[in-house]
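S.K.: Right, I'll just put the structure down here and ask away after.
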Amino acid sequence: MSFSNFIKNMFNIQDKKETIKKDPALNNKQKSEIIYSPLSGEVKNLSEVNDITFSQELMGKGIAIEPSIGKVVSPVNGEIAAFFVTKHAIALKTDDGVEILIHIDINTVALKGKYFVPHVNEGDRVNIGDLLVEFDVEAIKKEGYEVITSIVITNTDNYRDIKKTDSNKVLAKDRLMEVIS
């Protein structure tokens, strides 16, 4: 099973062709949730990620960050829905149901967790700014891997819009995206 299908199955995500229908009564009540940056670094478009799953938004809309330091903090208040054994990917679910995937680096699954130090476990309750995982940016680069990190709203189809920051650089806990229902 591909990583994309694994995530889709984990979150029960439907293909884009099967868009989830919303209750018309809810359409008049605009509500939004702020997603804060889980990393410090340079902001990139997902289209710049060297992985088709992210660059073509197959997992959902989002943003990428070229990290300046190897610390990932929680971008929301919620729960760790999944923390992959290789520690390179974390799925979170907010209290209001927004599903977020933080995918650290490209193809680092091959490192089998080397250079990653987790600070939370699947099922843990987290708050904005809580340290999730640390990783050694320079060691990963020396191994030949990219460190660009994708932050994706995996249940994008449940929302009217995803507004992204206009900033070129962010610090951890800066405003990164707004998810509008």
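Every number here is computed from the coordinates shown, using simple stated rules; none is lab data. Predicted, not measured: the structure shown is a model, and the values here were computed from it. Cβ placement follows ideal geometry from the backbone for every residue including glycine, while neighbour counts extend to all protein chains displayed.
S.K.: Return, ordered by residue number, the residues of the stretch 102-125 whose backbone nitrogen is under 14 Å from a label point located 7 Å along Cα→Cβ of Lys44.
M.R.: Taking a point 7 Å out along Cα→Cβ of Lys44, the residues of the stretch 102-125 whose backbone N falls under 14 Å are 103-108.
S.K.: Would the stretch 25-94 count as rounded, prolate or oblate if I go by the C-alpha gyration tensor, calling it rounded below 1.5 in a/c and otherwise prolate when a/b exceeds b/c, oblate otherwise?
M.R.: Note, shape of the stretch 25-94 comes out prolate.
S.K.: Let me ask something else about it. Between Ile69 and Asn107, what FRET efficiency comes out of the Förster formula 1/(1 + (r/R0)^6) with R0 = 25 Å and r the beta carbon distance, rounded to 0.05?
M.R.: So, using R0 = 25 Å, E works out to roughly 0.75.
S.K.: Can you run phi through the Karplus equation (6.51, -1.76, 1.60; θ = phi - 60°) for the stretch 101-111 and list ³J(HN,Hα) in whole Hz, with x for Gly and Pro?
M.R.: Couplings: 10, 10, 10, 7, 6, 10, 6, 6, 4, 5, 6 Hz.
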